[in-house]
């Protein structure tokens, strides 16, 4: 089969026409500059054309500038399918359901925190369970877990693990309403019970950062970011073993069910069923449970981060202005309304390694940000910058209100382990003034800055396309890895 060569059709926009493969229903559109497009894999292009096969897909199979190879869908992939006539695909969400990021501001300055970085990192590592197989400090029973899966972050706040206002600063207010615990396997429940409130491993982290650049003073102030050197804390984790098990269960279920609907994808990893079918709704409702677990997980960690800062700096979290800026989901499928070819359509928007980025005055943007648009948190690697963007109107037209979720890998974990040594990377980062603590040096090697795309290029593409406006750039002081 011939190689796929995306054609540049506009600045930062490349396209593979639907004529490139006979199964494509729509073109594949890739948002990238020349540097990024050259770093993307041929297998990822093929995978993106597979997504263009989805029954009921609208407009394009999209790849964002952080795009790379995933399971079924590219990571950095977006596809909207008709809610009534289209399909839902577990591969369009992935194994780490609602892997996402939240950003916490403080009124501390870089010079306040740098001298405390080592002790603060050690204390965070002790206070927030992390690493492969890590188990939480809070042991939930079955009834309590059921509440968490139904209520998400709200359950945690109700238990005193956070502030009421935290809920108002989360996508979906920290919970999807369609969660149904009856759709979960006993194995998923058993994996989730000991892990609520744990960071996990891989690319998950807690990162203490300082504001390095402000691009828009007014937008930054609306988020409580007022000056250079201001310290913020970024938390990145997801649904842990529960989400992984939900995905595993439903990939099997959906693959078995496809024959009932005469659905034959070009790749078995793209297993899909009609959204409105019993099988489709079961996955959708189970996925919502995984998403709610993740929001609750990040809420607990946020609470323990506040406690850690209080202990270290001998001040209350309120006095340190430790308010949540926002929490975004990166791997999720949402029922949304979009205007397509002049008509309002109800769709399932699959975002896999992609962030919702709705503009000002959109009804789904929380009241706190209604006047400016939804914040978008774009993490880099532990040795590079991260960004906060704001959703823009053009995104609703070109990307179903979506933008990138981070830097995006250019190297597999296995390749990273062949090339990098964890202790060496840790020492190099220490030489740059960045403290790193991890349960395993192997994770530091797998997550070395060199395995990721240039985060500045990813942010610049989003900004130039008008799908996410740059507001602030932050850089790391200290990182806790799983």
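Here are the numbers:
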quantity	calculated
Yes/no for residue 182 being over 17 Å from residue 233 (Cβ atoms), assigned to a helix (DSSP H, G or I) and in contact with a strand residue (DSSP E or B) (Cβ under 8 Å, 6 or more places away or on another chain)	no
Scan of the stretch 367-380 for residues that are surrounded by fewer than 23 Cβ atoms within 10 Å (Cβ to Cβ) and either in contact with a strand residue (DSSP E or B) (Cβ under 8 Å, 6 or more places away or on another chain) or part of a strand (DSSP E or B) (or both), ordered by number	369, 372
Condition broken by residue 4, with the remaining ones in (1) surrounded by fewer than 20 Cβ atoms within 10 Å (Cβ to Cβ); (2) closer than 25 Å to residue 454 by Cα; (3) touching a helix residue (DSSP H, G or I) at 6+ places or on another chain (Cβ under 6 Å); (4) in contact (Cβ under 8 Å) with a residue 60 or more places away in the chain satisfied	(4)
Boolean, residue 313 is touching a helix residue (DSSP H, G or I) at 6+ places or on another chain (Cβ under 8 Å) and either in contact (Cβ under 8 Å) with a residue 60 or more places away in the chain or surrounded by fewer than 18 Cβ atoms within 10 Å (Cβ to Cβ) (or both)	yes
Residue within the stretch 195-209 that is part of a strand (DSSP E or B), at pLDDT 95 or above, within 26 Å of residue 446 (Cα to Cα) and in contact with a helix residue (DSSP H, G or I) (Cβ under 7 Å, 6 or more places away or on another chain) present	yes
Subset tally (residues that are part of a loop (DSSP other than H, G, I, E, B) and either closer than 28 Å to residue 67 by Cα or touching a strand residue (DSSP E or B) at 6+ places or on another chain (Cβ under 8 Å) (or both)) for the stretch 347-362	6
Count of residues meeting criterion [touching a strand residue (DSSP E or B) at 6+ places or on another chain (Cβ under 9 Å), free of Cβ contacts under 8 Å to residues at least 40 places away in the same chain and not in a strand (DSSP E or B)] in the stretch 12-32	7
Some residue of the stretch 256-270 being within 17 Å of residue 83 (Cβ to Cβ), under 19 Å from the mean Cα position of the chain (by Cα) and touching a residue at least 40 places away in the same chain (Cβ under 8 Å)	no
Matching residues, the stretch 381-398, being in contact with a strand residue (DSSP E or B) (Cβ under 6 Å, 6 or more places away or on another chain) and in a loop (DSSP other than H, G, I, E, B)	381, 382, 385, 392
Residue list for the stretch 393-416, filter: more than 30 Å from residue 448 (Cβ to Cβ) and buried (at least 24 other Cβ atoms within 10 Å of the Cβ)	395, 400, 401
Subset of the stretch 407-457 [in a loop (DSSP other than H, G, I, E, B) and touching a strand residue (DSSP E or B) at 6+ places or on another chain (Cβ under 7 Å)]	407, 408, 410, 434, 447, 453
Any chance residue 184 is buried (at least 21 other Cβ atoms within 10 Å of the Cβ), within 30 Å of residue 223 (Cβ to Cβ) and within 23 Å of the chain's Cα centre (by Cα)	no
Residue list for the stretch 33-72, restricted to those being assigned to a loop (DSSP other than H, G, I, E, B) and on the phi < 0 side of the Ramachandran plot	33, 40, 41, 52, 53, 54, 55, 58, 60, 69, 70, 71
Selection status of residue 352, under 19 Å from residue 294 (Cβ atoms) and either surrounded by fewer than 20 Cβ atoms within 10 Å (Cβ to Cβ) or in contact (Cβ under 8 Å) with a residue 12 or more places away in the chain (or both)	yes
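The values are calculated or read from the model by the stated rules, or taken from the named source; none is laboratory data. Keep in mind that this is a model prediction, so the values were computed, not measured. Neighbour counts run over all protein chains shown; Cβ positions are idealised from the backbone, glycine included.
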